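The values are calculated or read from the model by the stated rules, or taken from the named source; none is laboratory data. Just so you know, these numbers come straight off a predicted model, no measurement behind them. Don't worry about glycine lacking a Cβ; one is built from the backbone with ideal geometry, like all the others, and counts go over all protein chains shown. What goes into the accessible areas is simple: the full protein's heavy atoms, side chains included, and nothing from ligands, DNA or RNA. Shrake-Rupley method; radii C 1.70, N 1.55, O 1.52, S 1.80 Å.
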Amino acid sequence: MTASHLLVPVPIPDRVAALIGSCIPPHILQAEFDADCAAREVRRFRGPRLCDEDRADREQALSELARANKILAAHHPRLAVRPGSPW
């Protein structure tokens, strides 16, 4: 029995990634890229003692993540990206 959270991400060749990307609409690819970048930004601003500017930046990144996830979830519900997700 394999638990999905124990799986190790395996890099795929560029040609395979290009083939997969050619099958997905461009606005979904852009939303996936935006969600990944926003999730990375959210992870940067962690901790209980953030200054006001950092809190504002974190809220902005959460807003961008929510916007991108809305597009991804409309395409397929399991595409949504979470800030703490390893991939």
- Task: Kindly report the accessible area of the chain per residue (heavy atoms of protein chains, probe 1.4 Å, no ligands, DNA or RNA), in Å².
- Result: 83 Å²
- Task: Subtract the Cα-Cα distance of PHE33 and ILE12 from 0.36 nm times their separation in residues, and report this length gain in nm to one decimal.
- Result: 5.9 nm
- Query: Mind listing P(r) for segment 37-87? All alpha-carbon pairs, 5 Å bins, whole percents.
  - Reply: 5, 23, 27, 22, 13, 7, 4, 1
- Item | DSSP-assigned coil residues among GluC sites (Glu not before Pro) in segment 5-87, each with at most 13 further Cβ atoms within 10 Å | none
- Query: Helix 26-44: angle to the longest alpha-carbon principal axis of the chain, degrees 0 to 90, nearest 10?
  - Reply: 40 degrees
- Message: Output needed for the chain: three equivalent-ellipsoid semi-axes, defined as square roots of 5 times the C-alpha gyration tensor eigenvalues, in descending order, whole Å.
- Response: 27, 17, 12
